[in-house]
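*Asks:* The structure is given below, and queries will be raised subsequently.
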Amino acid sequence: MIIGETGSGKSTLLRQLKPELALGKATAGKLTLFNNDDNNDFNRVAYISQFVDNQMVTETARDEFHFVLENMGATPEMIHSKIAEIATYFDIVDLMDLKEEELSGGQKQIINLATALILNPEILLLDEPTSQLDPITSEKFFRMVEKINSDLNITVVLVEHSLEQAVYYVNRIILVESGQIKMDLPTDKALRKLFEKVDYQAYIPQTDRLFLEQQLDQNFPTLKLPLSNRRLSEIVSQQYEYLHYRDHVGKDDQPSKVIFQVKRLNFRFEFNVPNILDDINFELEQGKSYAILGPNGVGKTTLLKVLTKQLSALNGSVSINGQNIKKMGKEFFDQLFVLPQNPALLFVGDSVKEEISYQLQQTDQKVTDELIQQYLSTYQLENIQDVSPYDISGGQQEYLALVIGLIKDPTLLFLDEPTKGLDPNMKQKVANLLVSYQQNGGTIIANTHDVLFSTQYFDYVALMFDGHLGKFEPPIKFFPNKYFYTTEINKACRDYFPKALIWEDIIKNES
């Protein structure tokens, strides 16, 4: 697994291992694949990116497999045999003839994985393959990759920002910093080394962070990291008398003015199909933040599009400050900012500096070079100010798009997966921006698969499934009642500390 801060060069390094995908030009050094300096064995290296929707080139999985195999000159008999094997191995027989728009994000990524494996590669490159998947689907994906690794002896090179799930399946961890490899160690030694580096402690999985922070390793000197939830639970049970739960620090839950209200909202794309949104009801209070969790394909993005008038509701009402949005024009859009799943859709300039300049020109401020530089400095964008927004990393695009939204200073922020592509430290920066926005009266509603982020930084959390949106509750009430949509600390320690959600919640007794 390759880790490192957003924009450090992880994906660029990964792409060098499949030369036809490499960006830029190597200035020095040599890449040798399979003892062949010519590196022409392209089909022996397969690649899957984080952008789930950008990889299928045909309408169905069956067509996708045919397309790949026919381009490789496979005979009809070989095509039939290969497809039968791959569909059975990945358990996607029932998905073979579904159109792409009928597939969930998780199903598409499994099909992308199957497509990559159909040519029997020897190396599999994965660039944040689960960044757009919900936690449960992500775990299933990694289990499938582990099975491929062990069953077929395929080498896997994985770029990831979140170690919470992926760390259990890797043998080594490589740290990339400013375009250089700064660490390359077996997983146990790598996690302990990261703990010694203050700037990288946030990368460590929560279970291992608790183990190291509370110095439990002193009593278990031979234990190897990462710790499974079951193993941490056993350790906590043995150390229970020396530990206690520290009340989870929540945000101010005093009620404030309701500024956004949704009543009996329904939506479907076609007349004779079930509702994608079914009787949605909720209210948003000024200065609060709301996170919506749920599996891929349950309508979270559709909900945001209906709330922001990108799609028209079947029935029901949506109002802002008591005014129905149907009766509003430009004044409604002036009050909100929407961060889509693809932040590049928002960009209009040739450089990051031009993006900031353009957004400032939409405000009432007098735009000068000094003002632009002030904003670039405030948001720590100086080092990429002259780079095209399309050439920066996915995480940097996400961050830049959010900065653009905050410059607009809207009443409401609608965020669709705001932490995808962000390293743990960049997430903290984003959290600080959102907290500051809230303190100035802003209100946030976000779709997210990031359970840990929603635990730490959102006031209220709700679960969406089958078109229905559950009740918004504070994290301390929402997560302890869940078995799968909860934090790893809560899963591991709930028998002893049922309200513990993050590693900071469990500390050693002072005496």
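*Asks:* Provide the net charge surrounding Lys257, with neighbours chosen by a C-beta distance below 13 Å and charges set as Lys +1, Arg +1, Asp -1, Glu -1. Present the calculation step by step, with values, prior to reporting the outcome.
*Replies:* Details: positive: Lys288; negative: Glu283, Glu285.
That works out to -1.
*Asks:* Excluding Ala202 itself, what net charge comes from residues whose Cβ is under 10 Å from its Cβ, given Lys and Arg +1 and Asp and Glu -1?
*Replies:* That sum, taken over residues with Cβ under 10 Å, equals 0.
*Asks:* Now, a different point. What residue among Val348, Val198, Leu95 has its Cα farthest toward the positive end of the dipole of the chain, where the charges are +1 on Lys, Arg and -1 on Asp, Glu, each on the Cβ?
*Replies:* Val198
*Asks:* Roughly how many nanometres apart are two label points built 7 Å out from the Cα toward the Cβ at Lys197 and Asp386?
*Replies:* Label-label distance for Lys197 and Asp386, simple model: 2.8 nm.
*Asks:* Give me the one-decimal Kirkwood hydrodynamic radius in Å for segment 164-269, with the sum taken over alpha-carbon pairs.
*Replies:* It works out to 17.3 Å.
*Asks:* Please report how far the C-alpha centroid of segment 249-304 lies from that of segment 389-445, rounded to the nearest whole angstrom.
*Replies:* Computed from Cα coordinates, the inter-centre distance equals 20 Å.
*Asks:* Using the basic label-point model (7 angstrom from Cα toward the beta carbon), what is the Glu122 to Asp94 distance in nanometres?
*Replies:* For Glu122 paired with Asp94, the spin-label model returns 3.8 nm.
*Asks:* Determine how many Å³ per residue the convex hull of the Cα atoms of segment 189-327 encloses.
*Replies:* Looking at segment 189-327, the number lands at 200 Å³ per residue.
*Asks:* Show me 106-112, 79-85 ranked by packing, highest mean number of other Cβ atoms within 10 Å first.
*Replies:* 106-112, 79-85
*Asks:* Then there is this: Within segment 434-470, name every residue whose backbone N is under 16 Å away from a label modeled 7 Å from Cα of Ser256 along the Cβ vector.
*Replies:* Output list for this probe position: 434-446, 457-461.
*Asks:* Sorted by accessible area (1.4 Å probe), largest first, how do His66, His468, His161 line up?
*Replies:* The most accessible residue leads, giving His468, His66, His161.
*Asks:* On to the next question. Which Rg and Dmax, in Å, describe the Cα atoms of segment 360-411?
*Replies:* 11.4, 31
*Asks:* Return the aspartates and glutamates within reach of Lys499: Cα separation strictly under 20 angstrom, same-chain partners fewer than 8 residues apart disregarded; answer none if there are no such residues.
*Replies:* Hits, sequence-local ones excluded: Glu164, Asp208, Glu213, Glu234, Glu241, Asp247, Asp252, Asp253, Asp450, Asp459, Glu473, Glu488.
*Asks:* Sticking with this structure for a sec: Whole number in Å², please: accessible area per residue of segment 347-393, 1.4 Å probe, ligands, DNA and RNA not counted.
*Replies:* 61 Å²
*Asks:* Along the three principal axes, how long is segment 88-223 when you take its alpha carbons, biggest first, rounded to the nearest angstrom?
*Replies:* Projected onto the principal axes, the Cα atoms of segment 88-223 cover 54, 30, 27 Å.
*Asks:* Give me the one-decimal nm value for the distance between modelled label points at Lys408 and Phe333, 7 Å along each residue's Cα-to-Cβ direction.
*Replies:* Between Lys408 and Phe333, the simple spin-label model gives 0.9 nm.
*Asks:* Which of the following values of semi-axes √(5λ) of the Cα gyration tensor in Å was calculated from the structure shown: [x] 43, 32, 21; [y] 33, 28, 22; [z] 35, 31, 26?
*Replies:* Matching entry in [x] 43, 32, 21; [y] 33, 28, 22; [z] 35, 31, 26: [z].
*Asks:* Could you point to the residue in Val387, Thr368, Ile407 farthest towards the positive end of segment 315-465's charge dipole, with +1 and -1 charges on the Cβ of Lys/Arg and Asp/Glu respectively?
*Replies:* So the residue furthest toward the plus end is Ile407.
*Asks:* Express the accessible area of segment 164-303 per residue in Å², computed with a 1.4 Å probe while the remaining protein chains stay in the model.
*Replies:* On the way: 7260 Å² over 140 residues.
Solvent-accessible surface per residue comes out at 52 Å².
*Asks:* So, in Å, what gap is there between the alpha-carbon centers of segment 330-376 and segment 20-86?
*Replies:* 39 Å
*Asks:* Would you calculate, for the chain, the mean residue ellipticity at 222 nm contributed by helices, counting each DSSP H stretch of 4 or more residues as -39,500 (n - 2.57) and dividing by all residues, to the nearest 500?
*Replies:* -10000 deg cm²/dmol
*Asks:* Could you estimate the translational diffusion coefficient of segment 113-167 from the Stokes-Einstein equation, with Rh from the Kirkwood formula over C-alpha pairs, at 37 °C and 0.692 mPa s, in whole µm²/s?
*Replies:* Answer from the Stokes-Einstein relation: 283 µm²/s.
*Asks:* First compute the accessible area of the chain with a 1.4 Å probe, then give the percent of it belonging to carbon and sulfur atoms.
*Replies:* 47 percent
*Asks:* Over the Cα atoms of segment 460-511, what radius of gyration and what Dmax do you get, in Å?
*Replies:* 13.1, 51
*Asks:* Rank Leu277, His449, Gln215 by how far each Cα sits towards the positive end of the charge dipole of the chain (+1 on Lys, Arg Cβ; -1 on Asp, Glu Cβ) and give me just the farthest.
*Replies:* Toward the positive end, the furthest listed residue is Gln215.
*Asks:* Mind computing the radius of gyration and Dmax over the alpha-carbon atoms of segment 270-418? Å is fine for both.
*Replies:* Looking at segment 270-418, its Cα Rg and Dmax stand at 17.5, 57 Å.
*Asks:* Heavy atoms only, probe 1.4 angstrom, no DNA, RNA or ligands counted: give me Lys10, Lys353 ranked by accessible area, highest first.
*Replies:* Lys353, Lys10
The values are calculated or read from the model by the stated rules, or taken from the named source; none is laboratory data. All figures in this text were calculated on a predicted structure; none of them were measured in a lab. Note: ideal-geometry Cβ built from the backbone for every residue, glycine included; neighbour counts use all protein chains shown. What goes into the accessible areas is simple: the full protein's heavy atoms, side chains included, and nothing from ligands, DNA or RNA. Shrake-Rupley method; radii C 1.70, N 1.55, O 1.52, S 1.80 Å.
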